[in-house]
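Worksheet for the structure shown next.
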Amino acid sequence: MSKSSGSIIEIQGLRKVFRVGKVDVEALRGIDLDVEPGEFLAIVGPSGSGKSTLFHIIGGLTPPTAGAVRVANQDLTALGDAGRTRLRKTTVGFVFQKFNLLPILTAGDNIALARHIGGNRDGESDRFREVLELLGISERLKHKPSELSGGEQQRVAIARGIVNHPAILLADEPTGNLDSQNSQTVLALLRDLNERMGQTILMITHNPEAAAYAHRIVNMRDGRIVS
Amino acid sequence: MILKLVFENLKHRPLRTGLSVFLIGIPVTLMLTLVGLSQGMLADSARRARGVGADIAVRPPGTSLISLSTAPMSQKLLDKLRAEPHVTLATGTMVHPVAAVTMVTGVDLDEFNKMSGGFKFIGGGPFQGPEDVILDEFYARQRGVKAGGTIEMLNRKWRVCGVAEPGKLARIVLPLATLQDLTGNSGKLSQIFLKVDSPANVETVIASLRAQLEGYPIYSMEEFTSLISVNNLPELRTFIQVMTVVSVIIGFAVVFLSMYTAVLQRTREIGILKSLGASQSYVLLIILIEALLLSLAGSFAGIGLSYGSRWLMMKLIPASLTQAIVPEWWPIAGFIAMTGAVLGALYPAFSAARQDPIEALAYE
């Protein structure tokens with residue numbers, strides 16, 4: 001694969017080995033993957049397939065053991081802890097299954113905190129206000145997470161994930177803690193963000209219905225991409 | 001935004017915050033109370049010494065500024081000193097301890113009145129007999145006794161002939177001869193006070209006395225009262241230094257435990273911050289600012305509590321312990337508390353900053 005292909009994620013021969021006690025556990029066994037800018041990709045696989053490990057490596061939460069990984073033209077194999085922190089701050093945004101909002105802050109402050117960490121000291125842009133309208137949480141920003149429904153919390157988490165205009169939004173089982181109605185709302189919103197704003201999204205899920213919202217589905221099993 | 005996050009964290013766990021502030025406040029109070037007691041009691045001693053109205057104090061050889069537990073000077077020295085040029089009045093006193101920090105003073109009331117202008121009585125009056133005692137207002141209140149009542153002291157009962165305003169020499173005053181007889185010090189004195197004809201002659205008289213009485217500490221009252229300070233009492237200074245170290249250790253331990261627990265409780269939140277791209281220094285800053293705010297609040301609490309300890313002493317033991325409020329020590333005590341707090345927060349802060357984001361996010 002050429003480095004000048006224009007892909008936003010380029011992965012070749014990625015391996016990840018964890019040391020558990022005295023045993024080496026190979027979580028990823030040679031992954032090759034390209035993701036184009038503006039693509040909505042779903043990675044599907046059972047527990048232990050390595051999809052979360054792949055998610056963590058692309059998100060700069062853990063380093064790869066071997067192989068080549070480039071995210072938005074940054075070589076992740078060459079990044080240290082500080083470099084991966086910078087990647088999380090500027091290049092990727094996360095949406096988690098358990099929402100992971102800070103319970104002590106209001107929804108608005110959770111989003112403002114992400115903007116502060118991202119070094120964005122300006123006020124909200126018109127584009128972001130449009131996103132808040134799209135997500136339907138403009139009226140809920142003064143509430144704390146405990147006062148919001150699961151669907152509302154996940155929509156706040158999506159807003160937080162894209163507030164710094166990341167190149168890639170990484171969503172880890174974003175509907176895993178939601179009922180079917182809220183799941184459909186959140187998935188539709190992710191697709192809207194992708195289609196209207198051109199946001200690249202990489203979503204991990206074990207739910208085929210959720211994966212169907214994506215442009216492309218990648219299946220993983222035993223640390224490899226199988227289709 | 002960091003401040004907001006820190007404030008919200010503190011508000012979110014009010015019991016932990018309140019307890020930490022209170023516990024940090026304790027060593028601050030200890031320091032301020034100790035320093036206040038030192039300064040208050042020394043200032044009170046100086047004020048009472050000035051109340052004698054003397055110009056010169058002659059003390060026995062080998063005595064320190066504040067200790068006078070024996071009566072080694074001969075009373076005959078008084079006549080010699082009275083005969084000195086420019087000396088117009090001379091009176092001797094004897095001091096004897098009755099409790100840990102409580103002393104009784106024997107005086108020749110006529111001589112003492114001439115020098116000091118006399119006690120200002122709130123109730124009762126001067127000695128009527130050899131077993132009479134004059135108390136100052138604070139000591140009378142502490143013992144719950146009024147003029148005409150009796151108190152037990154030195155293994156006998158004394159009639160309280162008068163209660164006087166404080167600020168003159170001593171809190172408990174007995175006839176000199178009675179105290180000398182009672183303690184087996186007949187004809188002996190602890191201290192001699194002199195009055196001279198003009199302030200201009202004080203130094204002349206002191207120079208003359210020093211030449212004649214080798215080894216006797218002889219001070220002008222101005223010099224004597226100015227020397228009664230913490231800086232001239234090395235034992236007290238050392239004690240304050242020890243208490244300062246103890247305060248730092250307590251502050252360190254309280255904040256260490258508090259922040260260590262807080263970091264454990266917030267493992268997941270720290271993981272969230274790191275997933276958002278918070279750097280190690282960002283996380284470190286949050287923890288350190290929180291520790292600083294806790295110690296700042298603890299310092300204010302400690303200052304408030306030092307007013308409480310002063311009020312308590314004034315209410316319960318006004319004659320035994322006099323605590324001053326020493327505002328110039330507020331920033332010092334605050335700085336010491338903050339030093340302990342920052343030291344205590346360092347390890348939890350570093351361990352929070354170094355947390356693995358994946359493990360932290362998985363923390364339940």
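The values are calculated or read from the model by the stated rules, or taken from the named source; none is laboratory data. The model shown is predicted, which means the values in this text are computed figures rather than measured ones. Note that we place each Cβ from the backbone using ideal geometry, even for glycine, and neighbour counts take in every protein chain shown.
Here B:Thr33 passes the criteria (1) within 14 Å of chain A (Cβ to nearest Cβ); (2) surrounded by 14 or more Cβ atoms within 10 Å (Cβ to Cβ) except the one numbered (1).
Keeping to the range A:130-156, report how many residues are assigned to a helix (DSSP H, G or I) and touching a helix residue (DSSP H, G or I) at 6+ places or on another chain (Cβ under 8 Å). Full working, then the answer.
Filtering the range A:130-156 down to residues assigned to a helix (DSSP H, G or I) leaves A:130-135, A:138-140, A:145-147, A:150-156.
Then drop every residue that is not touching a helix residue (DSSP H, G or I) at 6+ places or on another chain (Cβ under 8 Å), which leaves A:131-132, A:134-135, A:138, A:140, A:145, A:150-156.
The qualifying residues number 14.
Answer yes or no as to whether B:Ala291 is surrounded by 19 or more Cβ atoms within 10 Å (Cβ to Cβ), modelled with pLDDT of 85 or more and either touching a Leu at 6+ places or on another chain (Cβ under 9 Å) or away from chain A (no Cβ under 14 Å) (or both). Judged against the criteria, B:Ala291 is a match.
B:Val107 falls short on exactly one of the conditions (1) in contact (Cβ under 8 Å) with a residue 60 or more places away in the chain; (2) touching a helix residue (DSSP H, G or I) at 6+ places or on another chain (Cβ under 6 Å); (3) more than 25 Å from B:Ile206 (Cα to Cα), and that condition is (3). With respect to being crowded, with 20+ Cβ neighbours inside 10 Å, touching a helix residue (DSSP H, G or I) at 6+ places or on another chain (Cβ under 7 Å) and part of a helix (DSSP H, G or I), A:Ile111 fits the description. Checking each residue in the range B:101-141 for being at pLDDT below 90 and touching a Ser or Thr at 6+ places or on another chain (Cβ under 7 Å) picks out B:Val101, B:Thr102.
Restricting to the range B:9-22, name every residue that is more than 14 Å from chain A (Cβ to nearest Cβ) and within 20 Å of B:Leu264 (Cα to Cα). Listed by number, the residues that qualify are B:Leu15, B:Gly18, B:Leu19, B:Ser20, B:Val21. With the condition being in contact with a Gly (Cβ under 8 Å, 6 or more places away or on another chain) and under 23 Å from B:Leu89 (Cα atoms), I'd like the strands (runs of 3 or more DSSP E) fully within the range B:142-243 carrying at least 1 qualifying residues. Answer list for the range B:142-243: B:172-175, B:191-196.
Within the range A:97-156, the residues that satisfy the criterion of being free of Cβ contacts under 8 Å to residues at least 24 places away in the same chain, small (Gly, Ala, Ser) and either under 26 Å from A:Phe55 (Cα atoms) or within 14 Å of chain B (Cβ to nearest Cβ) (or both) are A:Ala112, A:Gly123. Apart from one condition, B:Val246 fits all of (1) more than 14 Å from chain A (Cβ to nearest Cβ); (2) of a type in the set (A, V, I, L, M); (3) within 30 Å of B:Leu361 (Cβ to Cβ); the exception is (3). Taking the conditions exactly as written (without any contact (Cβ under 8 Å) to a residue 24 or more places away in the chain, surrounded by fewer than 19 Cβ atoms within 10 Å (Cβ to Cβ) and of a type in the set (A, V, I, L, M)), does B:Leu273 satisfy them or not? Against the criterion (without any contact (Cβ under 8 Å) to a residue 24 or more places away in the chain, surrounded by fewer than 19 Cβ atoms within 10 Å (Cβ to Cβ) and of a type in the set (A, V, I, L, M)), B:Leu273 does not qualify. Scanning the range A:159-184 for residues that are touching a helix residue (DSSP H, G or I) at 6+ places or on another chain (Cβ under 6 Å) and in a helix (DSSP H, G or I) gives A:Ala159, A:Arg160, A:Asn182. The set of residues from the range A:148-170 being in contact with a Gly (Cβ under 6 Å, 6 or more places away or on another chain), within 16 Å of A:Ala107 (Cα to Cα) and buried (at least 24 other Cβ atoms within 10 Å of the Cβ) comprises just one member, A:Gly161.
When the range A:188-224 is examined, which residues are found to be hydroxyl-bearing (Ser, Thr, Tyr) and closer than 11 Å to A:Ile43 by Cα? Within the range A:188-224, just A:Thr205 meets the criteria.
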